[in-house]
Amino acid sequence: MSESPPVIRTQDLVKEFGPVRALDHLSLSIAPGEVHGYLGPNGAGKSVTMRILLGLLRPDSGSVEVFGRDPWRDAVSLHERLAYVPGDVELWPNLTGGEVIDLFLRLRGPYDKVRRDELVERFGLDPRKKTRTYSKGNRQKVALIAALAADVDLLLLDEPTAGLDPLMEAVFQEVVKELKDQGRSVLLSSHILAQVEALSDRISIIRAGHIVESGTLSELRHMTRTTIEVETDRSAESVAGLSFVHDVHTEAERTVFEVDGDHVGEVMSLLADLGIRSIVAHPPTLEQLLMRHYGDDLSQRGVSSGTGAATSGTRADADASVRATTRTKKVS
Amino acid sequence: MSAPALSSEARRAPSTASEQATFAGTGTLLGFMLRRDRIRTTAWVLGITLAGFYFAHAVSVVAETEEDLVSLASLYADPVGRMMVGPGFGMDAPTYERFYASGYALFIYVLIALFSIFTVVRHSRAEEQAGRAELVRANVVGRHATLTAALILTLTANALAAGLVLVAGVSADYDAAGSTLVAASGLAVGLFFAGATAVTAQLSESSRGASALAGGLLAVAYLVRMGGDAAEVGGSGLSWASPLGWSQQTAPFVLDRWWPLLLLIGSGAVFIAAGYWLSTKRDIDASLLPGRLGRAEAKPSLGTPAGMAFRTLKGGLRGWGIALLLAGLMFGSYAQTILDAADSLPPEISQIFAGEDMMLGYLAYMAVFMAVFIAAAGVSGLGQLRGEETKGRAEYGMSAPVSRLRWLGSHLLVLVVSLLLILCLVGLGMGVGAAATLEQDGGQYFGQLFLAGALQAPAVLAVIGIVTALFGWLPRAATAVGWVIIGFGGVMTAFGGLLDIPDALAELNVFGHLAEYPVQDIEWTPILWLSLICMAGIVLGLIGFHRREINRV
């Protein structure tokens, strides 16, 4: 895959809205046929990236290419090859769902009506209702069907399943997998980590307009910590002294701790000497990946100094701190 | 609401308990609405007050001497003047206060009516449509609490505004009883339209629909009153068919009748009761006029940018088109009335209208007046485009292979073609109306009137050009500037002759440059200039839109 040119390539993208820096030297690359998970909290710059890729916004500096071309200049020809699902789908209230789907398919030229009807069926959408009567989930379905039924090489999906119920979420994953098998590329931004985990070949994590980590899921796991729950004959407290072991909790014989991804082997041989009765090891979930980045952010900045809230820091806290970071940046 | 949980004792006396329950939370909601609307309501009340003070004090400025007053009053005594402002009580013996009540009070009433309509819709149907009502009703809030709080807010603000209008009258040394009657009439009109809106909010599923129904009632009231008041001094039977007519039949400073207000208050109360009753007949978020199922698949015409633009703009333009066509028909059909009046008027008064033929002068004047409204339809359409952008639909539409130029170009094409069509329809309506009612030579005016309407196109399109240019370069200011142009054009067209406006300022009125055909000959210079402004504006707007970002936050 590495020899073919990337479908999306951005280099050092910077986008500022007045005093707020929305994108801060963002570099992103997506290969053909790749489903790329794009993770980050609200306000991290995911939607701004999408809108730059669509040529609706113009970057202040840096370069952006979609299929090797400039989306601002060549928007129309590029849009023939891509489809977009906005994060917050607003539809024309006096059109029916079916009409919106057809409008978008026709704007791209001839389309496969069988495919369109099949997707309407699979997503369980009533296409005869006016969109003003649709719930958020149903509006989302309309945009999804319009995008997924289009014969395009690239899908830009901005939190596409917000508002969908779990059944529809499963349908969505199924359809995206089918498209992936056909060699389409997908940029999938999401909060729903399980979804990204299930679908993505590679993942980029964006924070405050900057990609903080990028790679395959296993590469990212390598860079992070594995959680180990172990019961041993002799006390396992000795592991607490190791530099690559974190957050050690001990309850009688049971010890729970996190170990850096590249030191798991050493810890295992240490534990073996202590007499393992039972052991459970969790690979890091994406929640942990994200929380680690934002958790670090919190503790570094001393937002919750001394209260220990960094570990229990909620998502909202993390978001607030990201925004705070953005704001401090503009001052400096 | 919590009936199942009530004890048997309470169930035996359900009326008081459940009645209290349906109004539970009214006070809290009222406080909440006041908090949300503290600026909006204050602005409206102050606006109405300002209008009151302005009207009350402007009369003596406009007409400094008795003679000035008499000549001005004769304007409001003739049929066209009566048609515009009211039945013209006391214009045979005019005083400042009578002139104020006859000529201006109606505008205060209309402002109060608009405020009432907007405010009731804003706090009832609009909240339901946005899904916020559900959130509120999930708390300890009774079924009728929202409507009650909305009505209390509206009527309290109306009372405040009416009180200040009374102060305005008294401050101009007008008779206290008459000033009170003007204020009370405003209050009664507010009650009537607040009640009517309480009903329309139950009927329509969308806030736009609810406002349109209530606003339509106001427009019909105005149109019916126009016909009634133009027919006779003091109004005819038709005047009594309009709620705005009732408010004017009080004849402040002349007859000082209070009883016509009972009609307004009575029907307002009936409307409010009906609104409460209807609201119990439906579910939250639902409407009494059912939403229909539409097409499962789009017609072929929808699959293009122009098709998309047409469906976006269709609803609004259709509404404007129908209303303006009816207005054109009506104004045209007053031709005979004007002709009759012209015969009985002294020549120096008929000279106020352009040209010698008073009837044609009137129709030329109406053509300009209608052009202002058609341009308003255009500004409203451009405002919708800005809405498409801020609501994210423009962005979504342009994610398909549709360029910025093509997107804006398609919408402008639909808008301009529709406006030209409306212009022709209005001209047609005036022509048909006049031809049908004139006792002789009706047919020969038809072509002239049609042309008079169509010839306003350059002025209307010039407004579109200016606003489009702004849409491309200063999108935030575009619609606001558009409405200022319309408002200024409307005031200048209606009152320009009465006010002492410096020429430089009058020149800024887009609608003041075209020759008043059919009374004057067609002049090509202004037509060319206005067309040039239109084209330059559209080109500039397209260039700006092509190079600017979409919905930049």
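Laboratory data are not the source of any read-out in this text; all were calculated from the coordinates shown. Everything numeric here is computed off the predicted structure, so don't read it as measured data. Heads up, the Cβs are rebuilt from the backbone with ideal geometry, glycines too, and the neighbour counts pull from every protein chain shown.
Couplings 3J(HN,Hα) of the range B:96-109, computed from phi: 4, 5, 5, 5, 4, 5, 6, x, 10, 4, 3, 5, 5, 4 Hz, in residue order, whole Hz [Karplus 6.51 cos²θ - 1.76 cosθ + 1.60, θ = phi - 60°; x for Gly and Pro].
What the phi angles of the range B:237-249 give under the Karplus curve with 6.51, -1.76 and 1.60, with θ = phi - 60°, is a coupling list of x, 5, 4, 6, 8, 10, x, 5, x, 4, 5, 8, 6 Hz, glycine and proline written as x.
Pairs exceeding 21 Å between alpha-carbon atoms, taken from A:129/B:299; A:141/B:391; A:130/A:180: A:130/A:180.
Among A:216, B:22, B:200, sorting on how many other beta-carbon atoms sit within 10 Å of each Cβ, with the fewest leading, yields A:216, B:22, B:200. For the range B:39-117, applying the loop criterion from DSSP together with a ceiling of 10 other beta carbons within 10 Å to the GluC sites (Glu not before Pro) yields B:64. Backbone N atoms of the range A:133-157 closer than 19 Å to the 7 Å Cα→Cβ label point of residue A:181 belong to residues A:148-155. When B:60, A:190, A:63 are arranged by Cβ crowding within 10 Å, least crowded first, meaning fewest neighbours, the order is A:63, B:60, A:190. Across the range B:24-40, computed HN-Hα scalar couplings (Karplus, 6.51 cos²θ - 1.76 cosθ + 1.60, θ = phi - 60°) run 4, x, 4, x, 4, 4, 4, x, 5, 5, 4, 5, 5, 9, 4, 7, 4 Hz from first to last residue, x flagging Gly and Pro.
For the protein assembly as shown, what class follows from the C-alpha gyration tensor (a ≥ b ≥ c being the square roots of its eigenvalues): rounded when a/c is under 1.5, otherwise prolate if a/b is larger than b/c, else oblate? In terms of gyration-tensor shape, prolate. Expressed to the nearest 5 percent, the antiparallel share of DSSP beta bridges inside the protein assembly as shown is 70 percent. The label point for residue B:531 and the one for residue B:57, both projected 7 Å from the Cα toward the Cβ, are 4.7 nm apart.
Among B:112, B:284, A:205, B:152, rank each residue by its count of other Cβ atoms within 10 Å, from fewest to most, as a rough exposure measure.
Working: B:112 31, B:284 13, A:205 23, B:152 16.
By the 10 Å Cβ count, ascending: B:284, B:152, A:205, B:112.
Is the C-alpha gyration tensor of chain B telling us rounded, prolate or oblate? Criteria: a/c under 1.5 is rounded; beyond that, a/b larger than b/c is prolate, otherwise oblate. Verdict is oblate for chain B. Per-residue mean of foreign Cβ neighbours for A:11-18 is 1 (Cβ atoms of other chains, 10 Å radius).
Beta bridges assigned by DSSP with both partners in the range A:8-220 are antiparallel in approximately 55 percent of cases.
Within 10 Å of the Cβ of each residue in A:106-112, the mean number of Cβ atoms contributed by other protein chains is 4.
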